[in-house]
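To start, the structure under review is shown below, and the notes come after it.
The values are calculated or read from the model by the stated rules, or taken from the named source; none is laboratory data. Please read all numbers here as calculations on a predicted model, not as lab measurements. Note: ideal-geometry Cβ built from the backbone for every residue, glycine included; neighbour counts use all protein chains shown.
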Amino acid sequence: MSEQDVAISIRNLEKSFTKADGTEIRVLQGVTFDILRGETMIIMGGSGCGKSTLLNCLIGEYTVTGGEVLYKTKKMETPRDLARMSEAELNDLRMSFGILFQSGALFNSMTVADNVALPLIEHSYVDPSIIDIVVTLKLQQVKMLAHRDKMPSQLSGGQKKRAGLARATALDPETLFYDEPSAGLDPVTSAAIDELMMDLSKKLHVTTIVVTHEMDSAFRIADRMVMLEKGKVLRIGKREDFEAIRDADPHELTSADDRLIHQFLNGESSGPLTDAEGMTEFEKLIRAES
């Protein structure tokens, strides 16, 4: 794998929080892996494993405690550490991001079209007539053009996600981040959103990072997957690698990590993940906070 293939390189990433009583919680502990340009990477794990914290570190919402988040955008000659960027440089980097939040995060006082136009109005210098053309194209991509003049309150959950995705792609990002894109959706709508995500990834040639605990969705869209446990990378591999563990007979799995992964992927109620006696103090503390 050449350096040119890597879009984001996470190296020894640490993130801690301090509670009101002074207790320090180490949420991420030495997280290291690469995200390849153009791939769809799934970040998964149980409640309190650190996946949402990792996402917030990747987009610069959280300041990391230690380690590096190295970006290599098309404009960069060499990788740059997010933590060493000035505020202006960080804002410029974020212009290459598109983010779809769990709820869609639409502005309720604006129409669907106005929501999609907002990033263009705020962060570009194109003529208003061009903005309208771009909005039309983005809404067509997500099959929401017929709803352009509706308010968010008039949309279903799936339609809100589609409108949020149109807005996330308004500035033609290099990287798309999804935070639990299937949350709150029925299985049919969830599958339709997955198909849309895969279609956009191919058409827009973007790098896609998805935080999810919905395994049906994860296995539909993933190129590679990384599983976090207790703030660390438990396993990273191709979708096929995780499928093999998911479909294996658990009694034939000799690795403790494989048995844990098998339980998580199959949603089984008993196993190493739910063995309270086997929990570390870290895990008990993190899960109590969830």
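Summary of computed values
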read-out	value
For LYS161: the one exception among (1) of a type in the set (Lys, Arg); (2) over 27 Å from ALA7 (Cβ atoms); (3) in contact with a strand residue (DSSP E or B) (Cβ under 9 Å, 6 or more places away or on another chain)	(2)
Qualifying residue in the range 133-153 (condition: touching a Gly at 6+ places or on another chain (Cβ under 9 Å) and surrounded by fewer than 22 Cβ atoms within 10 Å (Cβ to Cβ))	yes
Unique match (being more than 17 Å from ILE10 (Cβ to Cβ), of a type in the set (Lys, Arg) and in the same structural domain as LEU265 (by TED's automatic domain parsing)) among LYS203, LYS232	LYS203
Residue in the range 197-207 that is under 30 Å from GLY158 (Cα atoms), at pLDDT 95 or above and within 17 Å of the chain's Cα centre (by Cα) present	yes
Which numbered condition ASN115 fails, given (1) closer than 20 Å to ALA7 by Cβ; (2) more than 14 Å from the chain's Cα centre (by Cα); (3) surrounded by 20 or more Cβ atoms within 10 Å (Cβ to Cβ)	(1)
Those residues of the range 44-78 which are assigned to a helix (DSSP H, G or I) and touching a helix residue (DSSP H, G or I) at 6+ places or on another chain (Cβ under 9 Å), in sequence order	CYS57, LEU58
Filter result for the condition that a residue is modelled with pLDDT of 95 or more and in the same structural domain as LEU55 (by TED's automatic domain parsing), over ALA244, ALA256	ALA244
Residue within the range 237-247 that is within 17 Å of the chain's Cα centre (by Cα) and aromatic (Phe, Trp, Tyr) present	no
Qualifying residue in the range 152-164 (condition: closer than 13 Å to ILE99 by Cβ and touching a residue at least 40 places away in the same chain (Cβ under 8 Å))	yes
Selection from the range 272-290 of residues that are over 27 Å from the mean Cα position of the chain (by Cα) and modelled with pLDDT of 55 or more	ASP275
Tally, over the range 12-27, of residues that are charged (D, E, K, R) and over 19 Å from GLY60 (Cα atoms)	3
Cross-chain or 6+ apart pairs with Cβ under 7 Å, the range 248-263 first and closer than 20 Å to GLY46 by Cα, then of a type in the set (A, V, I, L, M) and assigned to a loop (DSSP other than H, G, I, E, B)	ARG259/LEU253; HIS262/ALA248; HIS262/LEU253
Condition check for LEU36: closer than 19 Å to GLU174 by Cβ and either aliphatic (A, V, I, L, M) or outside the structural domain of LYS203 (by TED's automatic domain parsing) (or both)	yes
Within the range 177-192, tally of residues that are surrounded by 23 or more Cβ atoms within 10 Å (Cβ to Cβ) and either in contact (Cβ under 8 Å) with a residue 40 or more places away in the chain or over 27 Å from GLY50 (Cα atoms) (or both)	2
Failed criterion for LYS72 (all others in (1) charged (D, E, K, R); (2) crowded, with 16+ Cβ neighbours inside 10 Å; (3) in contact with a Leu (Cβ under 8 Å, 6 or more places away or on another chain); (4) assigned by TED's automatic domain parsing to the domain that holds GLY231 hold)	(3)
Residue within the range 189-210 that is of a type in the set (S, T, N, Q) and out of contact with any Asp or Glu (no Cβ under 9 Å at 6 or more places or on another chain) present	yes
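This table checks each residue for (1) out of contact with any strand residue (DSSP E or B) (no Cβ under 6 Å at 6 or more places or on another chain); (2) modelled with pLDDT under 95.
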{"site": "PHE33", "(1), (2)": "no, no"}
{"site": "GLY50", "(1), (2)": "no, yes"}
{"site": "THR63", "(1), (2)": "yes, yes"}
{"site": "LYS75", "(1), (2)": "yes, yes"}
{"site": "PRO79", "(1), (2)": "no, yes"}
{"site": "ALA83", "(1), (2)": "yes, yes"}
{"site": "ALA88", "(1), (2)": "yes, yes"}
